[in-house]
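Only one structure is covered here, and it is reproduced in the block below.
The values are calculated or read from the model by the stated rules, or taken from the named source; none is laboratory data. Keep in mind that this is a model prediction, so the values were computed, not measured. Don't worry about glycine lacking a Cβ; one is built from the backbone with ideal geometry, like all the others, and counts go over all protein chains shown.
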Amino acid sequence: MGKQVLTETANIRKAKPENPEYDEIKQFMVDEAIELIAEQGIDKLRFDQLAKRVGRNRTTIYRYFDSKQELITAVMKTLMVEITENIIEDTADTNETTPNSITDNLYQVIHAMRTEDRYRIIMDAQNVEQFTELAKASLSEIATIMLSKFMLDSDAGRLLRTDIDMDEAIHWLFHQIISYGFLGLKGESEGEQKQYLYRMVAPVLFNRQ
């Protein structure tokens, strides 16, 4: 089957990134793949199924993705950016940025990863390590700059410890999100879980308040 796919895709003319619609079409395919995975799981994801979903043929999918693994990587990158943006948006909506408010926002992201079907690809044990590596390699510089606004230049002053730089903090936060998303937080109630998360995060990242 693998050789057949390689033979089939070898002669397919690849889509050109300089095409004005390239990014939009490719992202649409990724977004629909996320929905398919949420509905039925990653093992049942097929290119012909995705093609039907996006109103194109199977060959067109191969013009944008050489393999299912390449598509899965694109899916995880999209979810990684989504998680980052959720933290930023939730923090921006907070009246006052504090270690507690940032930790509460992290809790909401972790809770979503454990309960929402769209994140099941990350929570699949075989994909956690790959997602972690992608997070380390592909974190958006813009996201780092935006988070810096809340952790370095908040109304309360610098929240981040002076002996930790922002890049280290971002990578550490992603590691915690993935770890707790996969393993869960200690505590029976939401309040207990938030307190546990704060005890784990605050001493590592934040100046004493």
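Can M29 be described as at pLDDT 90 or above and either aliphatic (A, V, I, L, M) or not assigned by TED's automatic domain parsing to the domain that holds L106 (or both)? Here the answer is yes, as M29 does meet what is asked.
The criterion of at least 1 residues that are at pLDDT 85 or above is met by the following helices (runs of 4 or more DSSP H) wholly inside region 107-209: 166-183, 190-205. Residue-level check: of (1) closer than 26 Å to K16 by Cβ; (2) surrounded by 14 or more Cβ atoms within 10 Å (Cβ to Cβ), G55 misses just (2).
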